[in-house]
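Below you'll find the structure, written out as structure tokens, and then a few comments.
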Amino acid sequence: MAGGAHFSRSKVFALVFCLWSLASLCCAARLSVSRQKLEVQKHLKRLNKPAVKSIESPDGDIIDCVHMSHQPAFDHPYLKDHKIQMRPSYHPEGLFDENKVATESKERTNPITQLWHVNGKCPEGTIPVRRTKKDDILRASSVKRYGRKKHRSIPKPRSADPDLINESGHQHAIAYVEGDKYYGAKATINVWEPKIQQPNEFSLSQLWILGGSFGEDLNSIEAGWQVSPDLYGDNNTRLFTYWTSDAYQATGCYNLLCSGFIQINSEIAMGASISPVSGYRNAQYDISILVWKDPKEGHWWMQFGNDYVLGYWPSFLFSYLADSASMIEWGGEVVNSEPDGQHTSTQMGSGHFPEEGFGKASYFRNIQVVDDSNNLKAPKGIGTFTEQSNCYDVQTGNNGDWGHYFYYGGPGKNANCQ
């Protein structure tokens with residue numbers, strides 16, 4: 001009997017211990033969840049500034065009209081007493097002649113706008129900011145990584161080593177120039193809505209303004225359009241910018257998701273949907289993007305289309321780019337997460353190869369660089385780069401209307417790309 005009692009007692013102890021361990025685990029999990037909730041709330045408060053007016057976009061976005069002096073940039077300790085520069089001291093030479101030619105050209109492009117404009121506009125003195133939702137942050141790997149690119153996602157043309165092809169899971173089809181000092185770049189980019197296979201993949205088309213080595217100290221300013229279900233929660237094509245001064249490690253972010261870029265424009269929202277987009281064998285739509293360094297103040301400015309000067313990245317954010325860029329890249333990038341051990345079917349550009357040409361393949365046209373005299377010039381010695389041309393490819397050309405141009409992109413997975 002005593003032995004039986006002893007046995008029961010040890011069983012009870014074991015059960016109590018198990019229950020205690022379970023309770024501790026549950027308690028720790030609850031604490032962790034509530035800590036994360038608190039962290040998410042704090043981050044939302046930091047990003048979503050008080051709005052003068054809010055506009056609901058047909059795609060479900062909320063656009064907050066935030067007073068210019070309350071934008072996220074001014075959370076930066078170095079920008080506490082910054083006097084907003086309301087216009088660049090200089091535009092690049094040759095820009096206005098070129099706009100005049102483009103307006104008179106027989107190849108007039110179709111007008112393009114942002115979807116939220118159909119429901120209103122922001123008052124003068126405010127800037128439109130796409131409101132961040134709780135779910136946006138929860139889709140990120142952590143609160144800290146929300147709005148950031150993964151490390152090592154830059155196309156490095158000289159590293160076409162087969163062993164490195166999918167090291168970072170990013171694939172590119174780009175044109176580039178290097179070997180000089182560059183003070184800006186311009187391109188007109190055909191806009192599409194590529195299909196994305198996995199929610200953690202993206203497809204984008206952009207220009208890169210690069211300084212420094214491809215090591216830990218890389219400086220980059222980027223702008224273009226992207227489809228990124230992870231970042232935005234849908235498959236819409238959106239205008240975006242990015243910056244980093246340490247190769248995507250601790251600095252920088254997309255759009256206005258950290259302090260850095262100072263926006264002065266009340267009409268265009270970073271991260272908002274672009275509408276309409278091009279159709280295969282149908283109407284073609286493109287956007288013009290210009291990024292240049294103001295020779296007087298030294299800030300890097302961005303212009304969208306012919307009419308919208310959006311704002312600037314203050315030069316103190318950068319080390320190498322505080323002086324000039326050493327490389328310019330234009331083109332497409334996708335994430336290939338190799339679902340089921342095979343190449344992704346995420347499309348780049350239109351999802352069709354360059355040889356299909358206008359109306360079918362995606363293009364960059366009138367690509368230019370800004371030289372040390374603040375002149376827009378044709379790029380010299382254009383190179384091209386793609387990790388796997390059977391998946392995504394690039395083909396350059398040159399003519400009177402389009403200047404230097406290239407078609408790029410592809411379907412990803414196909415009979416020759418597994």
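A 1.4 Å probe, protein heavy atoms only, puts the accessible area of His76 near 40 Å².
Residues considered: Ala175, Ala325, Ala250. Largest GNM mean-square fluctuation over the chain, using C-alpha springs under 10 Å, is found at Ala250. Sequence-ordered 3J(HN,Hα) estimates for the range 353-368 from the Karplus curve with 6.51, -1.76 and 1.60 and θ = phi - 60° stand at 6, x, 4, 6, x, 4, x, 10, 9, 7, 9, 10, 10, 6, 7, 9 Hz, glycine and proline given as x. In this model, which of Lys42/Lys83; Lys296/Lys380; Lys195/Lys413 are farther than 20 Å apart at the alpha-carbon? Violating the 20 Å Cα-Cα cut-off are Lys42/Lys83; Lys296/Lys380.
Note down the relative contact order for the chain as a percent, whole number, built from C-alpha pairs under 8 angstrom at least six residues apart.
Relative contact order for the chain comes out at 20 percent.
Rounded if a/c is under 1.5, else prolate if a/b beats b/c, else oblate: with a ≥ b ≥ c from the C-alpha gyration tensor eigenvalues square-rooted, which is the chain? Verdict is prolate for the chain. Under the rule a/c < 1.5 gives rounded, and otherwise a/b versus b/c splits prolate from oblate, where does the range 231-275 land using the Cα gyration tensor? Judged from the Cα gyration tensor, the range 231-275 comes out oblate (a/c at least 1.5, b/c at or above a/b). Take the Cα of Glu124, step 7 Å toward its Cβ, do the same at Val143, and the gap between the two points is 4.0 nm. Average accessible surface for the range 50-96: 58 Å² per residue, computed with a 1.4 Å probe over protein heavy atoms with every protein chain in place. Percent of Cα pairs in the range 290-418 per distance bin of 10 Å, from zero to the largest separation: 11, 32, 30, 21, 5, 0. Over the chain, dividing the summed -39,500 (n - 2.57) contributions of all DSSP H runs of at least 4 residues by the number of residues returns a 222 nm mean residue ellipticity of -5000 deg cm²/dmol. The angle between the Cα long axis of helix 2-47 and the longest principal axis of the Cα atoms of the chain comes to about 20 degrees, rounded to the nearest 10. Helix 95-104 and the long axis of the chain differ in direction by around 80°, with both axes built from C-alpha atoms. Look at the dipole of the range 212-339 built from charges on Cβ: of Ser315, Leu257, Gly271, the Cα furthest out on the positive end belongs to Gly271. Under the convention that each Lys and Arg Cβ holds +1 and each Asp and Glu Cβ holds -1, the size of the dipole of the chain around its Cα centre is about 1880 debye. Any idea what log10 I(q)/I(0) is at q = 0.18, 0.19 Å⁻¹ for the range 155-309, Debye with uniform C-alpha scatterers and no solvent? Log10 I(q)/I(0), no solvent term: -1.33, -1.48. Counting Lys and Arg as +1 and Asp and Glu as -1, what is the net charge of the other residues whose Cβ lies under 10 Å from the Cβ of Ser266? Local net charge: -1.
Farthest towards the positive end of the charge dipole of the chain, among the residues Gly403, Phe202, Tyr183, is the Cα of Phe202, using unit charges on the Cβ of Lys, Arg, Asp and Glu.
Where a ≥ b ≥ c are the square roots of the eigenvalues of the C-alpha gyration tensor, would you call the range 184-234 rounded, which needs a/c under 1.5, or, failing that, prolate if a/b is larger than b/c, or oblate? Oblate, since a/c reaches 1.5 and b/c is not below a/b.
In this simple spin-label approximation, Asn390 and Lys45 carry label points 7 Å from Cα along the Cα→Cβ vector, and these lie 5.5 nm apart.
Which residues make up the longest stretch of the chain clear of GluC sites (Glu not before Pro) that lie in a DSSP loop with no more than 11 other Cβ atoms within 10 Å, not counting the sites?
217-418
Let me cross-check Lys377: its accessible surface, 1.4 Å probe, with only protein heavy atoms counted, in Å² to the nearest 10? Taking all protein chains as shown, Lys377 has close to 90 Å². Solvent-accessible area of the chain (1.4 angstrom probe, protein heavy atoms only): carbon and sulfur portion equals 53 percent.
In nm, what is the difference between 0.36 nm times the number of residues separating Arg87 and Asn235 and their Cα-Cα distance?
Separation in residues times 0.36 nm, less the Cα-Cα distance, equals 49.9 nm.
Taking Cβ atoms as reference points and 10 Å as the exclusive limit, the residues near Ser350 contribute a net charge of -1, counting Lys and Arg as +1 and Asp and Glu as -1.
The values are calculated or read from the model by the stated rules, or taken from the named source; none is laboratory data. Owing to the predicted nature of the structure, the values given are computational and were not obtained by experimental measurement. We place every Cβ from the backbone using ideal geometry, glycine too, and count neighbours over all the protein chains shown. Heavy atoms of the whole protein, side chains included, go into the accessibility calculation; ligands, DNA and RNA do not. Shrake-Rupley method; radii C 1.70, N 1.55, O 1.52, S 1.80 Å.
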